Every structure is written in structure tokens, then in C-alpha cells.
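The values are calculated or read from the model by the stated rules, or taken from the named source; none is laboratory data. Small disclaimer: the values here were computed from a predicted structure and weren't measured. Cβ: placed from backbone, ideal geometry, glycine included. Neighbour counts: every protein chain shown. Heads up: the accessible areas ignore ligands, DNA and RNA and are worked out on the full protein's heavy atoms, side chains in. Shrake-Rupley method; radii C 1.70, N 1.55, O 1.52, S 1.80 Å.
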Amino acid sequence: MPRLLELTSLHQPVGIVVGLPLSPEGTEEESASAAREMAATIARRTGLPLEFWDERMSTARALAAIWEQGGSTRGRKEEVDALAASVLLQHFLDARKNRAERTERAEKAEGTEL
């Protein structure tokens, strides 16, 4: 937590995205509850808004990217986890951008109907 607080102070993010480990069926189990508890502590300590994002396929996508490039994952768990986190964040950002673009198109369409 001290390092996270140091980093948020240094970089001043506008929010935090937390991966939510769901079961393959999309339900929340023990690990999801633990993630929610950790996220509540982070939100309380940083004062930043927080969003959860389904992390089910992030590691699989990271592994696929490594293998496609002929890379090895042996002994590289931390690097794989970091890549999976970046995959999760990129997916979150892409979804948010797409949502904003759909909203903008809908608002323009409503304006032309008047």
C-alpha cells in the first residue's frame, strides 16, 4: 500500500481499474470477494474513483501474444502478469472509448430528429 500511495501521488491518476477475477461462467467467487475488499481499501486510502473490469481472458491473451512472437514464459510469471494487466487496461480503455463514441452518435442522431 505505501508504494501504491507513493505512485498515485507521483502520477496523479484520475482513477483506478481493478481486475475482477470471475469464474469461467462469469460468477463471483472467493477471489472476486478478495479483490473487492482490496479495492475498497485502495479507494478509501487514495480517494480515487475505482472501476472493476472482468479479467477472465487477460492472462490467456498475454500468453497468446508472447507465444505468437516466439517468446517463452518459463520463469517469467511477473512479466506475464504485467502484460496481462496491460491487456486488461487496454481492453477497459477500448470499451470506454467505444461506449463514448456510441453515446455521441446517439446524441447526434437525436439532434437530427428534432
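Here are the numbers:
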quantity	calculated
Stokes-Einstein D for the chain, Kirkwood Rh over Cα pairs, 4 °C, 1.567 mPa s (µm²/s)	78 µm²/s
Solvent-accessible area, 1.4 Å probe, carbon plus sulfur percent, for region 2-114	53 percent
Nearest-20 debye value, region 10-56 charge dipole, Cβ charges on Lys, Arg, Asp, Glu	360 debye
Crossing angle, helix 77-113 versus the chain [Cα axis fit, 0-90 degrees, rounded to tens]	0 degrees
Charge dipole magnitude, Cβ of K and R +1, D and E -1 - region 4-114, Cα centre, debye nearest 20	260 debye
Accessible area expressed per residue, the chain, with surrounding protein chains retained (probe 1.4 Å, Å²)	75 Å²
Cβ charges +1 (Lys, Arg) and -1 (Asp, Glu), total dipole of region 52-110, debye	80 debye
